[in-house]
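Here the structure comes first, spelled out in structure tokens, and everything after it is commentary.
The values are calculated or read from the model by the stated rules, or taken from the named source; none is laboratory data. As the structure is a prediction and not an experimental result, all values here were calculated from the model. Heads up, the Cβs are rebuilt from the backbone with ideal geometry, glycines too, and the neighbour counts pull from every protein chain shown.
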Amino acid sequence: MPSNTPIQTGAHALPDAAHMSPGAKKLRDTYAIKPDAPVFMKEFGYYSLDRWIREGHIKGYEDLDALCKFDPPGDYGLGNLGWCEGGFLPIFEEKVLEDRGEYEVIQDFAGRHLLVFKGRRNGFMPEYIDHPVKDMLTWERDVKWRMDFGAPGRMEGLQRTIAEAKKHAAQGLMIVANLVGGYMYLRSLMGPEGILYMLYDEPELVRDCMETWFSLADRAYEVIQKEVTIDEFFLGEDICYNHGSLISPDMIKEFLFPYYQQLYTNIKRRNIDRSRHVYFQVDTDGYCLPVIPLYKEIGMDMMSPFEVASNCDVVAARQQYPDLVMSGGMDKREIAKGREAIDRMVDRIMPPLRKSGGYIPTCDHGVPEEVAFEDFLHFRGRLREYSQ
């Protein structure tokens, strides 16, 4: 069969087993919650790389793939529409606003004013001093036009993404519509306190921000879906803290869910391969268990990363939600304690979740700097024992 026939593009149908990559097969089995299937091996992320490089263990991120025997990628993210901020084009000018000795105040690409270490931008949480949206005037003057679908360069970026997505889809990789979720988007515009006031004081401003979010995403995915079938709808939401959601369930239903439901419905309706299930994943830090049933009402299939410090327990979550795909749940604090703590954690979590399927074991956020390299390798080695 010629390589350019529809079935080999991955758009009209999944490629057969002979043309599907090992990572794609394994990840698709995980999403299908196939009992006792081999466990997909990857890591969430790292705050520890600088230390490990400085100590001479690795030269860069790429070295970890071989050392930890991670699986090859099983998905491809479409990107282009923001991650913790909106899909601005153009972005704000990044510049130093104020010198404060060993610190400086900068404007970042999302228009926020941040207090940071002088000359250092990564590896720590900055102090957020100001956000770009104060009212309808500042929204329309400074921000809204940056989310115009017709911005110069937008279509060129989408065409490059489509070309890459088609290559990966031909190998069976899951094509992921990954974008910033509504709460995290609004928080980046107004700040965590500002959005709480705006929901009550300026509801029409919030709705206009969400209409703009929806319009950009919907039009971009409409272009992509003319040639590509989407397998997953992924929201970077971060809507929880240590006791539950940061805004009320009623606010979530009023200001976020109508836009989520419409976008998710449109993505499913436009897919070239209409028979394929479109998985819906929500990524949120904090104590996520109270919002699981809420998001399941609009079709959520998967959640991550189950932060243990916020009282998330993936074993308990599996008992309560046997149909939920999960990723994360390995306590960063226990990994930092050394091998005995790692062994206790892994041997408690992995047997029941390997048996049930539908679980990707990773650190419950970026691996922190205090984790020793040798202990991290031990952690990943113990997980591999359960992966085959």
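Summary of computed values
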item	result
Those residues of the range 103-148 which are closer than 20 Å to residue 202 by Cα, among the basic types (Lys, Arg) and outside any loop (DSSP other than H, G, I, E, B), in sequence order	141, 144
Leading residue by the ranking (surrounded by the fewest Cβ atoms within 10 Å (Cβ to Cβ)) among those in the range 262-290 that are farther than 22 Å from residue 361 by Cβ and touching a Ser or Thr at 6+ places or on another chain (Cβ under 7 Å)	290
Filtered residues of the range 39-53 (kept if at pLDDT 95 or above and not β-branched (Val, Ile, Thr))	40, 41, 42, 43, 52
Among residues of the range 163-181, those that are more than 20 Å from residue 92 (Cα to Cα), under 20 Å from the mean Cα position of the chain (by Cα) and either of a type in the set (Lys, Arg) or not in a loop (DSSP other than H, G, I, E, B) (or both), counted	9
Restricting the range 22-49 to residues that are within 19 Å of residue 329 (Cα to Cα) and acidic (Asp, Glu), the residue that is surrounded by the most Cβ atoms within 10 Å (Cβ to Cβ)	43
Out of 273, 285, sole residue that is outside any helix (DSSP H, G or I), in the same structural domain as residue 29 (by TED's automatic domain parsing) and within 23 Å of residue 221 (Cα to Cα)	273
Lone unmet requirement of (1) part of a loop (DSSP other than H, G, I, E, B); (2) not assigned by TED's automatic domain parsing to the domain that holds residue 238 for residue 39	(2)
Residue match in the range 13-34 (condition: touching a residue at least 60 places away in the same chain (Cβ under 8 Å), among the hydroxyl-bearing types (Ser, Thr, Tyr) and assigned to a loop (DSSP other than H, G, I, E, B))	yes
For residue 8: the one exception among (1) assigned to a helix (DSSP H, G or I); (2) modelled with pLDDT of 95 or more; (3) touching a helix residue (DSSP H, G or I) at 6+ places or on another chain (Cβ under 9 Å)	(2)
Some residue of the range 323-336 being assigned by TED's automatic domain parsing to the domain that holds residue 177, assigned to a loop (DSSP other than H, G, I, E, B) and on the phi > 0 side of the Ramachandran plot	no
Test set (1) surrounded by fewer than 20 Cβ atoms within 10 Å (Cβ to Cβ); (2) more than 23 Å from residue 241 (Cβ to Cβ); (3) under 22 Å from the mean Cα position of the chain (by Cα) - residue 360 fails condition number	(1)
Criterion (outside the structural domain of residue 192 (by TED's automatic domain parsing) and either of a type in the set (Phe, Trp, Tyr) or in contact (Cβ under 8 Å) with a residue 40 or more places away in the chain (or both)) met by exactly one of 121, 154, 100, 112	112
